[in-house]
Amino acid sequence: MEGSGVFHQLLINSVIISATTFVHGVFVAAAAAVFRAAKTRTKGALRFLRDTAVLVLLVLWLMFAHMIEIGMWAGLFHVYGMFETWETSLYFSGAAFTTLGFGDVLLPQQWRLLAGAAAANGLLLFGLSAAFLFDVVGKLHLGGRGS
């Protein structure tokens, strides 16, 4: 598809950011619900193993959410024909979403506003993941206080 004007790109940005944020919200809400339901009083080595398992599974769960979100951006890039292959779409999406931005692959000039939106979206969703992990660590009382 042909490139588009600023307002069209802003509309696309709004839709994809809303969609990825919804997906992330579902993953965070599901993880929070499981965490609340599974929280039990445990002491000693069992507590250490439980807390470690919770953190590992939570990180994997959140990374899975981020992979889906990166895939959503890649799908957008691919459907609009911004790259010739799915692999290139996925590569650029991952580099932009993580704010890594190697610069070896670029969006066509008429679509370049999408790159900054992908980076801002990833930055905010990774921040949300970090805040959620921080909250869970606090609730696990990894410093040894309480239960």
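The values are calculated or read from the model by the stated rules, or taken from the named source; none is laboratory data. Source: prediction; values computed, not measured. Positions of Cβ are backbone-derived with ideal geometry, glycine not excepted, and every protein chain shown enters the neighbour counts.
Annotations for the structure displayed:
- The condition (being of a type in the set (Gly, Ala, Ser) and out of contact with any helix residue (DSSP H, G or I) (no Cβ under 7 Å at 6 or more places or on another chain)) is satisfied by just one residue among ALA74, ALA45, ALA96, ALA65: ALA45.
- Whichever residue in the stretch 15-36 is among the β-branched types (Val, Ile, Thr) and over 20 Å from LYS139 (Cα atoms) and, among such residues, is surrounded by the most Cβ atoms within 10 Å (Cβ to Cβ): THR20
- For the stretch 130-139, the condition of being crowded, with 17+ Cβ neighbours inside 10 Å, modelled with pLDDT of 95 or more, in contact with a helix residue (DSSP H, G or I) (Cβ under 6 Å, 6 or more places away or on another chain) and assigned to a helix (DSSP H, G or I) holds for at least one residue.
- Scan the stretch 37-50 for residues that are surrounded by 10 or more Cβ atoms within 10 Å (Cβ to Cβ) and polar (S, T, N, Q) and the total you get is 1.
- Members of the stretch 15-31 found to be closer than 15 Å to LEU76 by Cα, among the aliphatic types (A, V, I, L, M) and free of Cβ contacts under 8 Å to residues at least 24 places away in the same chain, listed by number: VAL15
- Enumeration of residues in the stretch 104-143 that are of a type outside the set (A, V, I, L, M, F, W, C) and under 14 Å from ALA65 (Cβ atoms): ASN121, GLY122, GLY127, SER129
- Selection count, the stretch 84-102, where residues are within 18 Å of LEU125 (Cα to Cα), free of Cβ contacts under 8 Å to residues at least 24 places away in the same chain and not in a helix (DSSP H, G or I): 2
- Within this structure, VAL28 passes the test of being more than 29 Å from VAL105 (Cα to Cα) and at pLDDT 95 or above.
- Selection status of GLY81, modelled with pLDDT of 85 or more, in a loop (DSSP other than H, G, I, E, B) and either among the aliphatic types (A, V, I, L, M) or more than 16 Å from the chain's Cα centre (by Cα) (or both): yes
- Of all residues in the stretch 32-47, none are in contact (Cβ under 8 Å) with a residue 24 or more places away in the chain and under 30 Å from TRP86 (Cα atoms).
- Condition check for ALA74: surrounded by 18 or more Cβ atoms within 10 Å (Cβ to Cβ) and assigned to a helix (DSSP H, G or I): yes
- From the list LEU11, LEU60, the lone residue that is loosely packed, with under 11 Cβ neighbours inside 10 Å, out of contact with any His (no Cβ under 6 Å at 6 or more places or on another chain) and either of a type in the set (S, T, N, Q) or in a helix (DSSP H, G or I) (or both) is LEU60.
- Residue match in the stretch 93-108 (condition: polar (S, T, N, Q), farther than 23 Å from LEU11 by Cα and surrounded by 14 or more Cβ atoms within 10 Å (Cβ to Cβ)): no
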